[in-house]
1. Could you give the size of the charge dipole of the chain about its Cα centre, using +1 on the Cβ of each K and R and -1 on the Cβ of each D and E, expressed in debye and rounded to the nearest 20?
2. Semi-axes of the equivalent ellipsoid for the chain, please: Cα gyration tensor eigenvalues, times 5, square-rooted, ordered largest first, whole Å.
3. Explain nothing, just the number: relative contact order of the chain, from Cα pairs under 8 Å at least 6 residues apart, as a whole percent.
4. What ranking do 452-463, 482-493, 27-38 get when scored by the average of other Cβ atoms within 10 Å per residue, highest first?
5. If you keep only loop residues by DSSP, which trypsin sites (Lys or Arg not before Pro) in segment 275-335 have at most 14 other Cβ atoms within 10 Å of their Cβ?
6. Quick one: dipole size for segment 1-117, taken about the Cα centre, charges +1 on Lys/Arg Cβ and -1 on Asp/Glu Cβ, in debye to the nearest 20.
7. Above 31 Å lies some portion of the pair distances; for segment 337-575, what is it as a whole percent of all C-alpha pairs?
8. So, counting K/R as plus one and D/E as minus one, what does the shell of residues with Cβ under 14 Å around Arg215 add up to?
Amino acid sequence: MLGENLKRKYALTDKGLSNARKGAFWTVIVNLIAMFGAGILYKLMNGFIKTLTDGAALPSPWLFIGLTAAFALLSYITHLEQYRTTYGLVYTEIKKTRISLAERLRKLPLGYFGKRDLADLTETLMGDVNRLEHVWSHCIGYLYGAYISTAIIAIALFIIDWRMALACLWGVPVAFLLLFGSRSIAKRHSEKAKHTAVTVSDCIQAGIENVREIRSLNREKAYLDEIGTKIDRHEKTLIGGELAAGLFVNAASVIMRLGVATTILTGASLILSGRIDFMLLFMFLLIITRIYAPFDQSLALIAEMLMSQVSANRLNEIHEMRTAEGADSFAPSGHDIVFENVDFAYDDKKVLRGVSFTAKEGEITALVGPSGSGKSTCARLAARLWDVTGGSIKVGGVDIKTVEPEALLTDYSMVFQDVMLFDDTVMENIRLGRRGASDEDVLAAARAANCDGFVNALPHGYQTPIGENGARLSGGERQRISIARALLKDAPIVLLDEATASLDVENESEVQGALSRLLRGKTVLVIAHRMRTVEAADRIIVLKDGRVAEEGTPLELRNKENGLFARMAELQSASASWKV
Ligand code: ADP
């Protein structure tokens, strides 16, 4: 139970928890052995006092040399073990955590990455794990070890003399009450600091992405001012957090030290009233410094441990997200896509309600409807970028929920509006369509997608690097690269979203040619925005408010009296662009 709690609190793996236990065990041993050192000193002092007061013979120096040597040896061995268990083992733990996090991210529904702020995600992968690494190596073992060893020593001290033990130890619980009382303050500061850090990186990211607009609109100064304000705010939050934590930690440390004064006062009055002898006071004074040492070390860490819990929560959140899992292989019979009574909600927002339709193999199925009616959502669900909340989607008779997204997507080509391009050459960006495709195949696909013209105008043709996310290309060019990729992949299912929306008129017919080559014989689900695409479709699904409002061939729907599609088509027939 306690173990589970610790695991959650510090986002530890099972192995990490067992290492933390070992670390705490060796810390207890190290702290107890330090007491053994105090014992030797006590014995030595006692011998001297006896010589001075009773004229007894001096104790043999060999005894002390032997004891000290034994102490040094034990101390060395136990410190080594403590080091190995607290620092040494933590590196395997970090490796495990990063790998399991990466595995987890790989299995999360792909739609998650569109929803979550990327700066925030990077902060979790890098920053949070680093912060936890420090806590794992420097804090957990030490702190819990210090709790246990102090409890053992406290019991021993109470058995020896409860009055002196009380005078010596009262500060410890008071200090801890103070620290735990300050927990909510530390947590609040830590959450705030995380938030301000993300705002700063968001602002920097946005500035880099929009550098052209910022320059052309002369907004440099405004942008720099904005980023300056955000950095200031972050700095203030950090300083505030440090100050609050520092204040409590120092107060706790001072309170604990007051124990030395109360021990001397109590000891002196007990000696004067003849209830204890001087040597007992001396022993308590020796021990008290030893008791504080591990605490001093861990007090400084407590603020960090409290702060780290925000990081641990974020890691736990990723570990607890529902993943998209399933079989590694996908063997459908045919490639009809069947939506059966599909419901879907983004978080709490219900977007699709009881949607049923079939997109047949070898046909083009067009999704039309007003903006926000759920067309893109249907396309995303068909590729399992998200999982449906109700009903099912089957491809060739196989429920796609039972297939691992990676395996499923080998049968899909997607030509979406937001094309993802990598900072590599044009050639390699197209080759992503099919790993291992030959240069000839890549070039043929590029030609078919009408990329030749603009690529040859680039300084190094197909070998030109295109900048991060294709910064050097226009919208239409990026889309043609995406079509080339899809042509190269030649997957049996094609999902198309406004595939030709940003193409200039001149190239449009050629790209249409490429597209029709891409689409031939496939199962095509297209989010149509143009009358021509709609008219060319075999089947039309009209969506309205997340429901199927009408369904049929273009001719059927056109002739339907008072039909939604018929009305929209009439309104739009004069216009080349399909907008509703
Ligand atoms: P369409 O493609 O027909 O314009 P969408 O499928 O994009 O419609 O959107 C349907 C509804 O879902 C809209 O109300 C939209 O605001 C909402 N929506 C779309 N994507 C998300 C998302 N990632 N998170 C939350 N809501 C979303």
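1. With Lys and Arg at +1 and Asp and Glu at -1, about 1740 debye.
2. The three semi-axes for the chain are 72, 24, 23 Å.
3. Over the chain, the number comes to 14 percent.
4. Packing proxy ranking, top to bottom: 482-493, 27-38, 452-463.
5. Passing both the DSSP loop test and the Cβ count: Arg275, Arg322.
6. I would put it at about 900 debye.
7. Result: 25 percent of Cα pairs exceed 31 Å.
8. Result for the local shell: 0.
Each value in this text was obtained by applying a stated rule to the coordinates, not by laboratory testing. All values derive from a computational prediction rather than experimental measurement. Note that each Cβ is placed from the backbone with ideal geometry, even for glycine, and that neighbours are counted across all protein chains shown.
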